[in-house]
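Remarks on the structure that follows.
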Amino acid sequence: MGDRSDRVPMMTRRTRRSTIGPTPAVPHSQHANSGCKQQGTVGDKQPGYTRHSNGKVKEEEKQEADETVTSTTRNEKNRITERLSCHVLQESLLSSASGYRNYRGILNWCVVMLVLSNARLFLENLIKYGILVDPIQVVSLFLKDPYSWPALCLVIVSNTFIMAALYTERRLSLGTISESTGTFLHFVNLTTLLCFPSATVLTLTSMTPVGGVFALGVYTILFLKLYSYKDVNMWCREMRHSRARTLTRSHSCPSVARSNGSAVHSHVTYPGNLTHRDIYYFMVAPTLCYELNFPRSPRIRKSFLLRRLFEMLFLMQLLIGLVQQWMVPTIQNSMKPFQDMDFSRMMERMLKLAVPNHLIWLIFFYWFFHSSMNFVAELLQFGDREFYRDWWNSETVTYFWSNWNIPVHKWCLRHFYQPIMRRGVSKWVARTAVFLLSAFFHEYLVSVPLKMFRLWAFMGMMAQIPLAWFVSRFLRGNYGNAAVWISLIIGQPVAVLMYFHDYYVLHYVPQS
Ligand SMILES: CC(C)(COP(=O)(O)OP(=O)(O)OC[C@H]1O[C@@H](n2cnc3c(N)ncnc32)[C@H](O)[C@@H]1OP(=O)(O)O)[C@@H](O)C(=O)NCCC(=O)NCCS
(Lines give C-alpha, C1' and ligand atoms only; values in the text may rest on other atoms or scores of the structure.)
Protein backbone atom coordinates (compact mmCIF):
# COMPACT_ATOMS: atom_id res chain seq x y z
CA MET A 1 0.00 0.00 0.00
CA GLY A 2 2.73 2.34 1.00
CA ASP A 3 4.51 1.42 -2.17
CA ARG A 4 1.64 2.46 -4.37
CA SER A 5 0.93 5.74 -2.59
CA ASP A 6 4.61 6.63 -2.85
CA ARG A 7 4.57 6.11 -6.57
CA VAL A 8 1.38 7.99 -7.43
CA PRO A 9 2.69 11.64 -7.34
CA MET A 10 5.75 10.72 -9.42
CA MET A 11 3.67 8.99 -12.06
CA THR A 12 1.30 11.98 -12.35
CA ARG A 13 4.19 14.40 -12.81
CA ARG A 14 5.81 12.25 -15.49
CA THR A 15 2.55 11.84 -17.45
CA ARG A 16 1.89 15.59 -17.40
CA ARG A 17 5.32 16.39 -18.85
CA SER A 18 5.04 13.90 -21.68
CA THR A 19 1.62 15.12 -22.86
CA ILE A 20 2.04 18.89 -22.80
CA GLY A 21 5.48 19.65 -24.17
CA PRO A 22 5.47 20.83 -27.82
CA THR A 23 9.20 20.17 -27.90
CA PRO A 24 10.34 16.91 -26.34
CA ALA A 25 11.69 17.75 -22.85
CA VAL A 26 12.06 14.03 -22.16
CA PRO A 27 15.29 12.24 -23.04
CA HIS A 28 15.29 9.95 -26.05
CA SER A 29 15.47 6.79 -24.01
CA GLN A 30 12.32 7.74 -22.13
CA HIS A 31 10.49 8.17 -25.43
CA ALA A 32 11.57 4.76 -26.45
CA ASN A 33 10.20 3.31 -23.23
CA SER A 34 6.91 5.16 -23.40
CA GLY A 35 5.79 3.12 -26.42
CA CYS A 36 3.60 3.89 -29.45
CA LYS A 37 0.48 4.86 -27.54
CA GLN A 38 2.13 7.69 -25.67
CA GLN A 39 3.82 9.08 -28.80
CA GLY A 40 0.47 9.08 -30.55
CA THR A 41 -1.08 11.11 -27.75
CA VAL A 42 1.61 13.77 -28.01
CA GLY A 43 1.22 13.99 -31.77
CA ASP A 44 -2.58 14.32 -31.61
CA LYS A 45 -2.34 17.35 -29.36
CA GLN A 46 0.15 19.30 -31.51
CA PRO A 47 -1.34 22.72 -32.57
CA GLY A 48 -1.77 23.28 -36.33
CA TYR A 49 -2.06 19.64 -37.11
CA THR A 50 -3.88 19.52 -40.55
CA ARG A 51 -4.96 15.94 -40.87
CA HIS A 52 -8.74 16.70 -40.83
CA SER A 53 -10.55 18.61 -43.55
CA ASN A 54 -13.81 19.13 -41.63
CA GLY A 55 -14.23 22.78 -40.34
CA LYS A 56 -15.81 21.74 -37.06
CA VAL A 57 -12.96 19.50 -36.29
CA LYS A 58 -10.50 22.31 -37.07
CA GLU A 59 -12.40 24.58 -34.66
CA GLU A 60 -12.11 21.99 -31.92
CA GLU A 61 -8.45 21.54 -32.64
CA LYS A 62 -7.88 25.31 -32.39
CA GLN A 63 -9.72 25.40 -29.06
CA GLU A 64 -7.66 22.48 -27.85
CA ALA A 65 -4.46 24.20 -28.94
CA ASP A 66 -5.46 27.36 -27.05
CA GLU A 67 -6.14 25.28 -23.97
CA THR A 68 -2.77 23.59 -24.32
CA VAL A 69 -1.04 26.97 -24.57
CA THR A 70 -2.87 28.19 -21.44
CA SER A 71 -1.98 25.07 -19.51
CA THR A 72 1.63 25.33 -20.72
CA THR A 73 1.83 28.85 -19.31
CA ARG A 74 0.27 27.68 -16.05
CA ASN A 75 2.67 24.81 -15.78
CA GLU A 76 5.62 27.04 -16.60
CA LYS A 77 4.56 29.22 -13.64
CA ASN A 78 4.23 26.17 -11.43
CA ARG A 79 7.66 25.00 -12.45
CA ILE A 80 9.21 28.35 -11.50
CA THR A 81 7.38 28.26 -8.13
CA GLU A 82 8.62 24.69 -7.59
CA ARG A 83 12.16 25.86 -8.27
CA LEU A 84 11.86 28.57 -5.61
CA SER A 85 10.61 26.26 -2.80
CA CYS A 86 11.85 22.71 -2.44
CA HIS A 87 10.87 21.81 1.15
CA VAL A 88 7.65 20.28 2.48
CA LEU A 89 6.52 19.71 6.05
CA GLN A 90 7.17 15.95 6.44
CA GLU A 91 8.56 13.21 8.75
CA SER A 92 11.56 10.99 8.03
CA LEU A 93 10.53 7.60 6.66
CA LEU A 94 11.96 5.60 9.57
CA SER A 95 10.17 7.65 12.27
CA SER A 96 6.89 6.03 13.32
CA ALA A 97 4.97 9.31 12.81
CA SER A 98 5.61 9.09 9.05
CA GLY A 99 3.12 6.21 8.76
CA TYR A 100 5.50 4.43 6.40
CA ARG A 101 4.96 0.66 6.45
CA ASN A 102 6.59 -0.79 3.36
CA TYR A 103 9.55 -2.82 4.65
CA ARG A 104 9.64 -5.30 1.77
CA GLY A 105 13.20 -4.32 0.90
CA ILE A 106 14.31 -4.85 4.51
CA LEU A 107 12.72 -8.31 4.49
CA ASN A 108 14.60 -9.14 1.29
CA TRP A 109 17.79 -7.85 2.90
CA CYS A 110 17.18 -10.19 5.89
CA VAL A 111 16.77 -13.14 3.52
CA VAL A 112 19.95 -12.22 1.60
CA MET A 113 21.90 -11.84 4.87
CA LEU A 114 20.53 -15.16 6.10
CA VAL A 115 21.56 -16.94 2.92
CA LEU A 116 25.02 -15.35 2.94
CA SER A 117 25.73 -16.07 6.61
CA ASN A 118 24.52 -19.65 6.20
CA ALA A 119 26.63 -20.06 3.08
CA ARG A 120 29.64 -18.99 5.17
CA LEU A 121 28.68 -21.49 7.88
CA PHE A 122 28.23 -24.19 5.25
CA LEU A 123 31.70 -23.54 3.80
CA GLU A 124 33.28 -23.40 7.26
CA ASN A 125 31.63 -26.72 8.09
CA LEU A 126 32.85 -28.34 4.85
CA ILE A 127 36.44 -27.08 5.37
CA LYS A 128 36.45 -28.27 8.99
CA TYR A 129 34.82 -31.71 8.67
CA GLY A 130 34.81 -32.59 4.96
CA ILE A 131 31.75 -34.41 3.59
CA LEU A 132 30.00 -36.38 6.35
CA VAL A 133 26.80 -37.21 4.46
CA ASP A 134 26.42 -40.99 4.23
CA PRO A 135 23.00 -42.38 3.19
CA ILE A 136 24.01 -45.97 4.04
CA GLN A 137 24.64 -44.95 7.64
CA VAL A 138 20.94 -44.04 7.93
CA VAL A 139 19.99 -47.70 7.48
CA SER A 140 22.20 -48.62 10.45
CA LEU A 141 20.21 -46.17 12.57
CA PHE A 142 17.13 -48.34 12.03
CA LEU A 143 18.79 -51.78 11.97
CA LYS A 144 21.66 -53.28 13.95
CA ASP A 145 21.47 -56.54 12.06
CA PRO A 146 20.27 -56.77 8.42
CA TYR A 147 18.50 -60.08 9.22
CA SER A 148 16.52 -58.69 12.14
CA TRP A 149 13.80 -56.04 11.65
CA PRO A 150 12.32 -55.64 15.13
CA ALA A 151 10.66 -52.23 14.56
CA LEU A 152 8.89 -53.42 11.42
CA CYS A 153 7.72 -56.64 13.08
CA LEU A 154 6.34 -54.58 15.95
CA VAL A 155 4.44 -52.37 13.53
CA ILE A 156 2.93 -55.42 11.78
CA VAL A 157 1.76 -56.81 15.15
CA SER A 158 -0.22 -53.59 15.68
CA ASN A 159 -2.81 -55.04 13.28
CA THR A 160 -4.09 -57.19 16.15
CA PHE A 161 -5.17 -54.09 18.08
CA ILE A 162 -7.07 -52.72 15.07
CA MET A 163 -8.95 -56.01 14.72
CA ALA A 164 -9.70 -56.12 18.46
CA ALA A 165 -11.21 -52.61 18.31
CA LEU A 166 -13.34 -53.48 15.24
CA TYR A 167 -14.71 -56.71 16.73
CA THR A 168 -15.51 -55.01 20.03
CA GLU A 169 -17.44 -52.33 18.12
CA ARG A 170 -19.31 -54.94 16.05
CA ARG A 171 -20.43 -56.78 19.15
CA LEU A 172 -21.46 -53.53 20.77
CA SER A 173 -23.52 -52.59 17.73
CA LEU A 174 -25.27 -55.98 17.76
CA GLY A 175 -25.93 -55.62 21.46
CA THR A 176 -24.22 -58.94 22.31
CA ILE A 177 -22.07 -57.18 24.91
CA SER A 178 -23.07 -54.36 27.21
CA GLU A 179 -21.75 -50.80 26.98
CA SER A 180 -19.65 -51.23 30.15
CA THR A 181 -18.12 -54.51 28.90
CA GLY A 182 -17.29 -52.78 25.62
CA THR A 183 -15.66 -49.86 27.44
CA PHE A 184 -13.64 -52.31 29.52
CA LEU A 185 -12.49 -54.23 26.41
CA HIS A 186 -11.48 -50.98 24.71
CA PHE A 187 -9.63 -49.92 27.85
CA VAL A 188 -7.66 -53.21 27.91
CA ASN A 189 -6.96 -52.95 24.19
CA LEU A 190 -5.72 -49.34 24.40
CA THR A 191 -3.62 -49.91 27.53
CA THR A 192 -1.96 -52.96 25.98
CA LEU A 193 -1.43 -50.93 22.83
CA LEU A 194 0.77 -48.54 24.80
CA CYS A 195 2.45 -51.00 27.18
CA PHE A 196 3.26 -53.87 24.82
CA PRO A 197 5.45 -51.92 22.33
CA SER A 198 7.24 -50.01 25.10
CA ALA A 199 8.03 -53.28 26.91
CA THR A 200 9.28 -54.76 23.63
CA VAL A 201 11.46 -51.72 22.84
CA LEU A 202 12.90 -51.74 26.38
CA THR A 203 13.73 -55.45 26.38
CA LEU A 204 14.84 -56.10 22.79
CA THR A 205 18.58 -55.47 22.44
CA SER A 206 18.34 -55.54 18.64
CA MET A 207 16.10 -52.44 18.69
CA THR A 208 17.94 -49.20 17.86
CA PRO A 209 16.76 -45.85 19.35
CA VAL A 210 15.62 -44.64 15.90
CA GLY A 211 13.79 -47.93 15.23
CA GLY A 212 12.17 -47.57 18.65
CA VAL A 213 10.98 -44.00 17.92
CA PHE A 214 9.51 -45.20 14.61
CA ALA A 215 7.64 -48.14 16.18
CA LEU A 216 6.38 -46.16 19.16
CA GLY A 217 5.35 -43.29 16.87
CA VAL A 218 3.17 -45.70 14.87
CA TYR A 219 1.66 -47.13 18.08
CA THR A 220 0.96 -43.65 19.48
CA ILE A 221 -0.87 -42.66 16.29
CA LEU A 222 -2.79 -45.93 16.46
CA PHE A 223 -3.73 -45.28 20.09
CA LEU A 224 -5.12 -41.83 19.26
CA LYS A 225 -6.99 -43.14 16.21
CA LEU A 226 -8.55 -46.12 18.01
CA TYR A 227 -9.56 -43.89 20.92
CA SER A 228 -11.34 -41.61 18.44
CA TYR A 229 -12.90 -44.65 16.70
CA LYS A 230 -14.29 -45.89 20.02
CA ASP A 231 -15.68 -42.46 20.96
CA VAL A 232 -17.38 -41.77 17.63
CA ASN A 233 -19.04 -45.19 17.49
CA MET A 234 -20.23 -44.70 21.06
CA TRP A 235 -21.71 -41.29 20.10
CA CYS A 236 -23.45 -42.99 17.16
CA ARG A 237 -25.00 -45.58 19.50
CA GLU A 238 -26.13 -42.81 21.84
CA MET A 239 -27.75 -41.03 18.89
CA ARG A 240 -29.38 -44.26 17.72
CA HIS A 241 -30.86 -44.87 21.14
CA SER A 242 -32.15 -41.32 21.47
CA ARG A 243 -33.63 -41.46 17.96
CA ALA A 244 -35.14 -44.86 18.57
CA ARG A 245 -37.02 -43.35 21.46
CA THR A 246 -38.49 -40.60 19.29
CA LEU A 247 -38.75 -42.06 15.77
CA THR A 248 -40.80 -44.93 14.44
CA ARG A 249 -39.00 -48.13 13.45
CA SER A 250 -39.10 -47.34 9.70
CA HIS A 251 -37.23 -44.05 10.15
CA SER A 252 -34.48 -45.29 12.44
CA CYS A 253 -30.81 -45.29 11.24
CA PRO A 254 -30.75 -47.35 8.04
CA SER A 255 -27.55 -49.35 7.54
CA VAL A 256 -25.64 -48.72 4.31
CA ALA A 257 -23.02 -51.23 3.22
CA ARG A 258 -20.63 -48.74 1.60
CA SER A 259 -18.20 -47.02 3.93
CA ASN A 260 -15.03 -44.84 3.98
CA GLY A 261 -12.53 -46.18 1.47
CA SER A 262 -15.01 -47.69 -0.97
CA ALA A 263 -14.62 -46.78 -4.63
CA VAL A 264 -18.05 -45.21 -4.85
CA HIS A 265 -18.49 -42.44 -2.28
CA SER A 266 -21.85 -42.72 -0.60
CA HIS A 267 -23.22 -41.64 2.71
CA VAL A 268 -22.80 -44.26 5.41
CA THR A 269 -24.68 -44.51 8.69
CA TYR A 270 -23.97 -46.50 11.83
CA PRO A 271 -23.40 -49.52 11.99
CA GLY A 272 -22.70 -49.70 8.23
CA ASN A 273 -19.30 -48.18 8.95
CA LEU A 274 -18.05 -51.18 10.98
CA THR A 275 -16.13 -52.78 8.12
CA HIS A 276 -12.48 -53.70 7.54
CA ARG A 277 -12.26 -51.31 4.60
CA ASP A 278 -13.58 -48.41 6.67
CA ILE A 279 -11.26 -48.93 9.65
CA TYR A 280 -8.16 -49.43 7.46
CA TYR A 281 -9.01 -46.34 5.44
CA PHE A 282 -9.12 -44.39 8.72
CA MET A 283 -5.82 -45.97 9.87
CA VAL A 284 -3.95 -44.67 6.84
CA ALA A 285 -5.88 -41.39 6.39
CA PRO A 286 -3.96 -38.27 7.49
CA THR A 287 -6.18 -37.56 10.50
CA LEU A 288 -6.51 -38.73 14.09
CA CYS A 289 -10.24 -38.02 14.35
CA TYR A 290 -12.65 -40.65 13.09
CA GLU A 291 -15.71 -39.76 11.07
CA LEU A 292 -18.24 -41.99 9.35
CA ASN A 293 -18.16 -39.91 6.17
CA PHE A 294 -14.90 -38.09 5.57
CA PRO A 295 -15.02 -35.28 3.01
CA ARG A 296 -13.56 -36.72 -0.22
CA SER A 297 -11.87 -34.98 -3.11
CA PRO A 298 -13.42 -35.74 -6.52
CA ARG A 299 -10.28 -37.14 -8.19
CA ILE A 300 -6.55 -37.75 -7.79
CA ARG A 301 -4.57 -34.88 -9.35
CA LYS A 302 -1.50 -36.60 -10.81
CA SER A 303 0.67 -33.50 -11.13
CA PHE A 304 -0.09 -32.49 -7.53
CA LEU A 305 0.73 -36.02 -6.37
CA LEU A 306 4.05 -36.08 -8.26
CA ARG A 307 5.07 -32.66 -6.92
CA ARG A 308 4.42 -33.79 -3.34
CA LEU A 309 6.29 -37.05 -3.98
CA PHE A 310 9.28 -35.17 -5.37
CA GLU A 311 9.25 -32.83 -2.34
CA MET A 312 9.05 -35.79 0.02
CA LEU A 313 12.05 -37.55 -1.52
CA PHE A 314 14.15 -34.42 -1.94
CA LEU A 315 13.45 -32.97 1.51
CA MET A 316 14.06 -36.36 3.15
CA GLN A 317 17.57 -36.45 1.64
CA LEU A 318 18.13 -32.82 2.61
CA LEU A 319 17.07 -33.51 6.20
CA ILE A 320 19.38 -36.52 6.49
CA GLY A 321 22.25 -34.55 4.93
CA LEU A 322 21.79 -31.57 7.26
CA VAL A 323 21.61 -33.78 10.35
CA GLN A 324 24.76 -35.70 9.43
CA GLN A 325 26.79 -32.76 8.15
CA TRP A 326 25.75 -29.96 10.45
CA MET A 327 23.93 -31.12 13.56
CA VAL A 328 25.87 -34.23 14.62
CA PRO A 329 29.35 -32.57 14.68
CA THR A 330 27.94 -29.57 16.58
CA ILE A 331 26.37 -31.86 19.18
CA GLN A 332 29.55 -33.92 19.48
CA ASN A 333 31.60 -30.77 20.04
CA SER A 334 29.20 -29.71 22.80
CA MET A 335 29.96 -32.64 25.07
CA LYS A 336 33.13 -31.27 26.66
CA PRO A 337 31.66 -27.91 27.80
CA PHE A 338 28.68 -29.84 29.23
CA GLN A 339 30.93 -32.26 31.13
CA ASP A 340 33.12 -29.42 32.46
CA MET A 341 29.98 -27.38 33.29
CA ASP A 342 31.56 -24.42 31.50
CA PHE A 343 28.45 -22.18 31.26
CA SER A 344 29.69 -19.61 28.76
CA ARG A 345 30.89 -22.36 26.37
CA MET A 346 27.66 -24.31 26.96
CA MET A 347 25.70 -21.23 25.97
CA GLU A 348 27.83 -20.74 22.88
CA ARG A 349 27.34 -24.39 21.83
CA MET A 350 23.63 -24.21 22.44
CA LEU A 351 23.29 -21.08 20.28
CA LYS A 352 25.45 -22.71 17.61
CA LEU A 353 23.18 -25.74 17.57
CA ALA A 354 20.06 -23.56 17.48
CA VAL A 355 20.63 -22.59 13.82
CA PRO A 356 20.84 -26.07 12.21
CA ASN A 357 18.27 -27.47 14.63
CA HIS A 358 15.75 -24.77 13.75
CA LEU A 359 16.37 -25.07 10.02
CA ILE A 360 15.93 -28.85 10.22
CA TRP A 361 12.74 -28.45 12.24
CA LEU A 362 11.30 -26.02 9.65
CA ILE A 363 12.16 -28.38 6.80
CA PHE A 364 10.69 -31.25 8.79
CA PHE A 365 7.48 -29.26 9.30
CA TYR A 366 7.12 -28.70 5.56
CA TRP A 367 8.11 -32.29 4.72
CA PHE A 368 5.65 -33.85 7.15
CA PHE A 369 2.69 -31.50 7.35
CA HIS A 370 2.65 -30.28 3.76
CA SER A 371 4.38 -32.73 1.43
CA SER A 372 3.76 -36.09 3.11
CA MET A 373 0.27 -35.48 4.47
CA ASN A 374 -0.92 -33.95 1.21
CA PHE A 375 0.60 -36.87 -0.70
CA VAL A 376 -1.29 -39.43 1.39
CA ALA A 377 -4.47 -37.33 1.32
CA GLU A 378 -4.32 -36.99 -2.46
CA LEU A 379 -3.74 -40.70 -2.88
CA LEU A 380 -6.71 -41.54 -0.64
CA GLN A 381 -8.83 -38.67 -1.99
CA PHE A 382 -9.10 -37.39 1.57
CA GLY A 383 -10.66 -33.94 1.27
CA ASP A 384 -9.76 -32.08 4.49
CA ARG A 385 -6.27 -30.71 3.90
CA GLU A 386 -6.07 -28.41 6.92
CA PHE A 387 -2.98 -29.99 8.48
CA TYR A 388 -1.61 -26.70 9.83
CA ARG A 389 -2.66 -23.08 10.15
CA ASP A 390 -0.64 -19.87 10.24
CA TRP A 391 1.30 -20.73 13.40
CA TRP A 392 4.19 -18.53 12.20
CA ASN A 393 2.07 -15.48 13.07
CA SER A 394 1.46 -16.71 16.64
CA GLU A 395 1.45 -13.88 19.14
CA THR A 396 0.66 -16.24 22.02
CA VAL A 397 1.98 -19.67 22.94
CA THR A 398 -1.54 -21.16 23.01
CA TYR A 399 -2.14 -19.92 19.45
CA PHE A 400 1.01 -21.74 18.37
CA TRP A 401 -0.05 -25.04 19.98
CA SER A 402 -3.54 -24.76 18.51
CA ASN A 403 -2.29 -24.14 14.99
CA TRP A 404 0.96 -25.90 14.17
CA ASN A 405 -0.23 -29.51 14.37
CA ILE A 406 -3.91 -29.54 13.49
CA PRO A 407 -4.46 -33.35 13.58
CA VAL A 408 -3.22 -33.53 17.20
CA HIS A 409 -4.95 -30.30 18.19
CA LYS A 410 -8.25 -31.50 16.70
CA TRP A 411 -7.96 -34.79 18.58
CA CYS A 412 -7.14 -32.97 21.85
CA LEU A 413 -10.14 -30.66 21.45
CA ARG A 414 -12.63 -33.31 20.37
CA HIS A 415 -11.70 -36.21 22.62
CA PHE A 416 -10.13 -34.64 25.67
CA TYR A 417 -10.45 -30.85 26.14
CA GLN A 418 -14.13 -30.41 25.28
CA PRO A 419 -15.35 -33.58 27.10
CA ILE A 420 -13.68 -32.47 30.34
CA MET A 421 -14.84 -28.87 29.86
CA ARG A 422 -18.41 -30.17 29.52
CA ARG A 423 -18.04 -31.71 32.95
CA GLY A 424 -17.60 -28.23 34.38
CA VAL A 425 -13.81 -28.20 34.64
CA SER A 426 -12.29 -24.71 34.28
CA LYS A 427 -10.43 -23.69 31.11
CA TRP A 428 -7.01 -23.55 32.79
CA VAL A 429 -7.39 -26.97 34.42
CA ALA A 430 -8.56 -28.46 31.09
CA ARG A 431 -5.65 -26.83 29.27
CA THR A 432 -3.18 -28.11 31.89
CA ALA A 433 -4.66 -31.61 31.55
CA VAL A 434 -4.17 -31.51 27.75
CA PHE A 435 -0.57 -30.39 28.13
CA LEU A 436 -0.02 -33.09 30.74
CA LEU A 437 -1.25 -35.74 28.30
CA SER A 438 0.85 -34.26 25.52
CA ALA A 439 3.89 -34.16 27.83
CA PHE A 440 3.36 -37.83 28.67
CA PHE A 441 3.39 -38.82 24.97
CA HIS A 442 6.43 -36.64 24.23
CA GLU A 443 8.33 -38.33 27.05
CA TYR A 444 7.06 -41.77 26.00
CA LEU A 445 8.36 -41.22 22.46
CA VAL A 446 11.82 -40.15 23.64
CA SER A 447 12.62 -41.90 26.92
CA VAL A 448 11.53 -45.42 25.99
CA PRO A 449 13.56 -45.68 22.75
CA LEU A 450 16.60 -44.12 24.47
CA LYS A 451 16.03 -46.44 27.46
CA MET A 452 16.63 -43.65 29.95
CA PHE A 453 14.09 -41.61 31.91
CA ARG A 454 15.15 -38.00 32.34
CA LEU A 455 11.80 -36.13 31.92
CA TRP A 456 13.36 -33.31 29.84
CA ALA A 457 10.65 -33.63 27.14
CA PHE A 458 7.95 -33.83 29.79
CA MET A 459 9.23 -30.72 31.54
CA GLY A 460 9.66 -28.90 28.22
CA MET A 461 6.01 -29.50 27.38
CA MET A 462 4.78 -28.59 30.86
CA ALA A 463 6.88 -25.40 30.77
CA GLN A 464 4.55 -24.25 27.97
CA ILE A 465 1.84 -23.46 30.54
CA PRO A 466 3.78 -20.80 32.53
CA LEU A 467 5.31 -19.57 29.28
CA ALA A 468 1.84 -19.19 27.76
CA TRP A 469 0.70 -17.24 30.80
CA PHE A 470 3.80 -14.99 30.75
CA VAL A 471 3.56 -14.21 27.01
CA SER A 472 -0.18 -13.50 27.07
CA ARG A 473 0.15 -11.38 30.22
CA PHE A 474 3.21 -9.25 29.39
CA LEU A 475 3.86 -9.37 25.64
CA ARG A 476 1.65 -8.21 22.80
CA GLY A 477 1.79 -8.15 18.99
CA ASN A 478 5.26 -8.40 17.50
CA TYR A 479 6.83 -8.91 20.95
CA GLY A 480 4.57 -11.91 21.55
CA ASN A 481 5.43 -13.28 18.11
CA ALA A 482 9.17 -12.83 18.79
CA ALA A 483 8.78 -14.61 22.14
CA VAL A 484 7.13 -17.60 20.43
CA TRP A 485 9.94 -17.77 17.86
CA ILE A 486 12.63 -17.50 20.56
CA SER A 487 11.03 -20.27 22.60
CA LEU A 488 11.05 -22.49 19.50
CA ILE A 489 14.57 -21.62 18.41
CA ILE A 490 16.16 -21.94 21.86
CA GLY A 491 13.88 -24.48 23.58
CA GLN A 492 14.46 -27.36 21.16
CA PRO A 493 18.30 -27.35 21.13
CA VAL A 494 18.30 -27.22 24.93
CA ALA A 495 16.19 -30.40 25.04
CA VAL A 496 18.30 -32.07 22.30
CA LEU A 497 21.56 -31.29 24.12
CA MET A 498 20.19 -32.47 27.47
CA TYR A 499 19.17 -35.84 26.03
CA PHE A 500 22.32 -36.27 23.98
CA HIS A 501 24.54 -35.38 26.92
CA ASP A 502 22.79 -37.86 29.22
CA TYR A 503 22.82 -40.58 26.55
CA TYR A 504 26.51 -39.97 25.87
CA VAL A 505 27.43 -40.07 29.56
CA LEU A 506 25.37 -43.23 30.08
CA HIS A 507 26.80 -45.15 27.14
CA TYR A 508 30.25 -43.77 26.30
CA VAL A 509 31.81 -42.35 29.47
CA PRO A 510 33.40 -45.07 31.65
CA GLN A 511 31.67 -45.17 35.04
CA SER A 512 34.11 -45.01 37.96
C1 LIG B 1 -5.29 -27.11 25.04
C2 LIG B 1 -5.79 -26.74 23.69
C3 LIG B 1 -6.72 -27.85 23.18
C4 LIG B 1 -6.56 -25.44 23.81
O5 LIG B 1 -7.01 -25.03 22.55
P6 LIG B 1 -7.69 -23.60 22.36
O7 LIG B 1 -8.03 -23.47 20.92
O8 LIG B 1 -6.82 -22.56 22.96
O9 LIG B 1 -9.00 -23.77 23.22
P10 LIG B 1 -10.19 -22.73 23.47
O11 LIG B 1 -10.33 -22.53 24.91
O12 LIG B 1 -10.01 -21.53 22.60
O13 LIG B 1 -11.48 -23.55 22.99
C14 LIG B 1 -11.50 -24.20 21.77
C15 LIG B 1 -12.88 -24.76 21.50
O16 LIG B 1 -13.34 -25.50 22.60
C17 LIG B 1 -14.74 -25.35 22.71
N18 LIG B 1 -15.13 -25.02 24.08
C19 LIG B 1 -14.74 -23.97 24.81
N20 LIG B 1 -15.32 -24.03 26.02
C21 LIG B 1 -16.10 -25.13 26.04
C22 LIG B 1 -16.95 -25.73 27.02
N23 LIG B 1 -17.11 -25.21 28.21
N24 LIG B 1 -17.57 -26.85 26.67
C25 LIG B 1 -17.44 -27.40 25.46
N26 LIG B 1 -16.64 -26.88 24.50
C27 LIG B 1 -15.98 -25.77 24.79
C28 LIG B 1 -15.18 -24.30 21.78
O29 LIG B 1 -15.86 -24.92 20.72
C30 LIG B 1 -13.91 -23.67 21.27
O31 LIG B 1 -14.02 -23.44 19.92
P32 LIG B 1 -14.23 -21.95 19.38
O33 LIG B 1 -12.84 -21.37 19.39
O34 LIG B 1 -14.78 -22.16 18.03
O35 LIG B 1 -15.16 -21.26 20.34
C36 LIG B 1 -4.65 -26.50 22.66
O37 LIG B 1 -3.76 -25.56 23.14
C38 LIG B 1 -3.89 -27.78 22.34
O39 LIG B 1 -4.29 -28.52 21.46
N40 LIG B 1 -2.77 -28.03 23.06
C41 LIG B 1 -1.98 -29.21 22.93
C42 LIG B 1 -1.32 -29.28 21.62
C43 LIG B 1 -0.27 -30.32 21.58
O44 LIG B 1 0.13 -30.90 22.55
N45 LIG B 1 0.24 -30.56 20.42
C46 LIG B 1 1.30 -31.49 20.26
C47 LIG B 1 1.90 -31.27 18.97
S48 LIG B 1 3.36 -32.18 18.80
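The values are calculated or read from the model by the stated rules, or taken from the named source; none is laboratory data. In this text, all values refer to a predicted model and were calculated from it rather than measured experimentally. Note: ideal-geometry Cβ built from the backbone for every residue, glycine included; neighbour counts use all protein chains shown. Areas reflect the complete protein model, heavy atoms only, side chains present, ligands, DNA and RNA absent. Shrake-Rupley method; radii C 1.70, N 1.55, O 1.52, S 1.80 Å.
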Given a 1.4 angstrom probe, what's the average accessible area per residue across segment 447-509, in square angstrom? 56
Using a simple spin-label model with points 7 Å from Cα along the Cα→Cβ vector, what separation in nm is obtained for Tyr147 and Lys302? 4.4
Taking 370-376, 112-118 and ranking on average Cβ neighbours within 10 Å, highest first, one gets 370-376, 112-118
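Sorted by mean Cβ packing within 10 Å, highest first, what order do the peptides 123-136, 166-179 take?
On the way: 123-136: 10.9, 166-179: 16.0.
Highest to lowest by the protection proxy: 166-179, 123-136.
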What's the extension gain from Phe474 to Val112 if we count 0.36 nm per residue and subtract their Cα-Cα distance? 127.1 nm
Solvent-accessible area, 1.4 Å probe, carbon plus sulfur percent, for segment 355-449: 68
Length-normalised contact order for segment 146-294 - Cα pairs under 8 Å, 6+ apart - percent: 24
If the limit is 30 Å between Cα atoms, which of Lys225/Lys302; Lys352/Lys427; Lys128/Lys451; Lys230/Lys427 go over it? Lys352/Lys427; Lys128/Lys451
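Express in nm, to one decimal, how much length is gained between Arg389 and Arg170 on full extension, taking 0.36 nm for each residue of separation and deducting their alpha carbon distance.
Values: separation 219, 0.36 × 219 = 78.84 nm, distance 3.64 nm.
Difference between extended and current length: 75.2 nm.
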Once amide hydrogens are built 1.01 Å from N within the peptide plane, the residues lying 5 or more places from Phe382 or on another chain with amide H under 5 Å from its amide H are Ser297
Give me the distance between the Cα centres of segment 119-140 and segment 471-495, rounded to whole Å. 31
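Determine, from the Cβ-Cβ distance of Glu60 and Thr81 and an R0 of 41 Å, the FRET efficiency 1/(1 + (r/R0)^6), rounded to the nearest 0.05. Walk me through the numbers before you get to the answer.
Details: r = 31 Å, r/R0 = 0.76.
It comes to 0.85.
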Taking a ≥ b ≥ c as the square roots of the Cα gyration tensor eigenvalues, with a/c under 1.5 meaning rounded and otherwise prolate when a/b beats b/c or oblate if not, segment 146-294 comes out prolate
Would you mind putting 465-477, 283-295 in packing order, based on average other-beta-carbon counts within 10 Å, highest first? 283-295, 465-477
